[in-house]
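S.K.: First the structure, which I've put down as structure tokens, then a few questions once you've had a look.
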Amino acid sequence: MSMKMFRQFQKQMEKVQEELKQMTVEATAGGGAVKVVATGDQRVVSIDIDPSVIDPEDAEFLSEMILVAVNDAMEQSQELAKGKLGGLTGGLKIPGLG
């Protein structure tokens, strides 16, 4: 790969990474009682919890719903990134990019 091609690739990669920071995915658990929003660069930006599911006697259930929603959001975010970066890398396996 020539330096010119490498620089073009690098610029495209930076552009895609900036786009991913602006994109969001949303995951829910407990029928929508817990909602997690994450960016395309795998950052959780919000967690909303319906107050009706906050039961001091059953904190474990709420914890499980949060874990489910966060893990689902991260998975969706990774798939989003893989889809955006996949076209750029042409299917190459680049460490740290999925």
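Laboratory data are not the source of any read-out in this text; all were calculated from the coordinates shown. Values in this document were obtained by computation on a predicted structure and should not be read as measured data. Virtual Cβ from ideal backbone geometry, glycine too; neighbours counted across all protein chains shown.
S.K.: If you rank ASP55, ASP72 by fewest surrounding Cβ atoms within 10 Å, what's the result?
M.R.: So the ranking, lowest neighbour count to highest, is ASP55, ASP72.
S.K.: Got a sec? How would VAL36, VAL53 order by Cβ neighbour count within 10 Å, fewest to most?
M.R.: Final ranking by Cβ density, sparse to dense: VAL53, VAL36.
S.K.: Another question, then. Given a Förster distance of 22 Å, report the FRET efficiency between VAL53 and LYS82 from their Cβ-Cβ distance, rounded to the nearest 0.05.
M.R.: 0.10
S.K.: What is the Cα coordinate range of the chain on the first, second and third principal axes, sorted by size from largest, in whole angstrom?
M.R.: Here the Cα extents, ordered largest to smallest, are 63, 21, 16 Å.
S.K.: Ignoring solvent entirely, what values of log10 I(q)/I(0) come out of the Debye formula for segment 3-59 at 0.26 Å⁻¹ when each Cα is a single scatterer?
M.R.: With one equal scatterer per Cα and no solvent, log10 I(q)/I(0) is -0.96.
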